[in-house]
1. Which of the numbered conditions does GLY194 fail, given that it passes all the others? Conditions: (1) away from the ligand (no atom under 16 Å from the Cβ); (2) surrounded by fewer than 24 Cβ atoms within 10 Å (Cβ to Cβ); (3) under 26 Å from ARG46 (Cα atoms).
2. For residues that are open to solvent by less than 30 Å² (accessible area, probe 1.4 Å) and of a type in the set (A, V, I, L, M, F, W, C), scanning just region 323-340, find the one that is nearest to VAL357 (Cα to Cα).
3. Are any of the residues in region 317-332 among the charged types (D, E, K, R) and either in a loop (DSSP other than H, G, I, E, B) or within 21 Å of the chain's Cα centre (by Cα) (or both)?
4. Considering only region 143-189, how many residues are in a loop (DSSP other than H, G, I, E, B) and within 11 Å of the ligand (Cβ to nearest atom)?
5. Scan region 342-372 for residues that are open to solvent by 30 Å² or more (accessible area, probe 1.4 Å) and part of a loop (DSSP other than H, G, I, E, B) and jot them down.
6. Please count how many residues of region 269-311 are part of a loop (DSSP other than H, G, I, E, B) and within 16 Å of the ligand (Cβ to nearest atom).
7. What are the pairs, 6+ residues apart or on separate chains, where a residue within region 57-77 that is outside any helix (DSSP H, G or I) has its Cβ under 7 Å from a residue that is acidic (Asp, Glu) and away from the ligand (no atom under 14 Å from the Cβ)?
8. Output the number of the condition that SER223 fails; it satisfies all remaining conditions of (1) at pLDDT below 95; (2) among the polar types (S, T, N, Q); (3) in a loop (DSSP other than H, G, I, E, B).
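The values are calculated or read from the model by the stated rules, or taken from the named source; none is laboratory data. Note that the structure is a prediction, hence the values are computed from the model and not measured. A quick note on method: Cβ atoms are made from the backbone with ideal geometry, for glycine too, and the neighbour counts reach across all protein chains shown. Ligands, DNA and RNA are stripped out before the accessible areas are found, and what is left, the full protein with its side chains, is counted by its heavy atoms. Shrake-Rupley method; radii C 1.70, N 1.55, O 1.52, S 1.80 Å.
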Amino acid sequence: MKRPAGQPRKVEFYKHSLGPQEFQQVQRVLKGVFLTAGPETAAFEREAAQFLGVAHSVGVTSCTSALHLALVALGIGPGDEVITTPMSYVATANAILHAGATPVFVDVEFATGNLDVGKVKAAVTPRTKAILPVHLYGHMCDMRALAALASQLGLHVIEDAAHCFEGSRDGVRPGQLGTLACFSFYATKNITSGEGGLIAGNDPDLMARVKRLRNHGIDKPVSERHSGTYVHWSQVDLGFKANMNDIQAAMLRPQLERVEALRQQRHQIVQRYNAALADVPGITLHKVLESTQSAHHLYTVLVPAPQRDAVLTALQADGVGVAVNYRPIHLMPYYRAHMGFREGMFPVAESIGAATVTLPLYPKLKIADQNWVIHALKEAVK
Ligand SMILES: *Cc1c(COP(=O)(O)O)cnc(C)c1O
């Protein structure tokens, strides 16, 4: 395959799927009077909860704040431990530190990169309060096994579902078995409002607490305070400032309607990658288990670790946008310095982190561009 003459080929790592429906809805909200958490946010929360098959959802500014509020709402703080995975974006463990608690890492399974449920029990201490798994790349953890273990041990499960709004496993969606599930609408996530997040759950009292915590612990929602006649409001908890606004909600509602169609498009792109790369020497693919409907957030391959950085360089020289998801959290300089982590502590996560390359995956990825990515990758691992 040749590059088109004269112009270097450029395959973006990510392109969003926003279109005329989102532009229209945002314009409609901008023409109204209410911009912050009002009727659009409430409508999105209802629709998202319905999609997820949970009783309640609360819109927030990011998944990072969702995770933080979830921990605070459950009363998890200083002196408490939260079991989580080192194979994630730093936000997962940072949120635990923001709450004043201690992240306790447990290694992952090689096939999916998800928290190894079989290793969780050995990490539990009298201080453990919760398990915080990540549904990595859109492929759900074994939530049935994890929820059963958590209830046996008397622990909460807070799901980091930033990659997995629309995924399911064994007929279960994020938020259905966990105490709370947290989602991200960051710029590169499957559905996006540039920045944004959501907390989902079934416990009405807990969700009411989450809703207060997103706005300073005030007992009345902002929309009520600004509509109708003035009524005194009171602060009853020490909360934060983390509410979603109506502009974000207006962008998200049309994407929610298309989310299954968008997932199908991602699925087709993944099938094409899998077919083209399955038998290429030097490339190892992650597994999607049969029982799982992946949200296909990220498509990653493993290449020989000593070659990985050269593969990243070669792909970029061919105009292909790449990323690494993830170099493990425990080896970040901050975590090494403050918590004493070293190489060798979580060998499976480290082996993935040293070998992984993320390729472009989004509904707007054209077949010709995907072919170019495949070609460039095959050349790079030769
Ligand atoms: C993106 C991401 C987050 C953070 O989401 P924000 O909305 O940017 O705060 C958390 N966890 C994982 C696994 C992510 O990929």
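1. (1)
2. ALA323
3. First, the residues of region 317-332 that are among the charged types (D, E, K, R): 318, 327.
Now narrow it down to the ones that are either in a loop (DSSP other than H, G, I, E, B) or within 21 Å of the chain's Cα centre (by Cα) (or both): 318, 327.
Within region 317-332, one or more residues are among the charged types (D, E, K, R) and either in a loop (DSSP other than H, G, I, E, B) or within 21 Å of the chain's Cα centre (by Cα) (or both).
4. The number of residues fulfilling the criteria is 9.
5. Answer for region 342-372, where residues must be open to solvent by 30 Å² or more (accessible area, probe 1.4 Å) and part of a loop (DSSP other than H, G, I, E, B): ARG342, GLU343, GLY344, MET345, LYS364, LYS366.
6. Total satisfying the criteria: 6.
7. Listed pairs, sorted by first residue: SER57/GLU45; VAL58/GLU45; GLY59/GLU45.
8. The number of the failed condition is (3).
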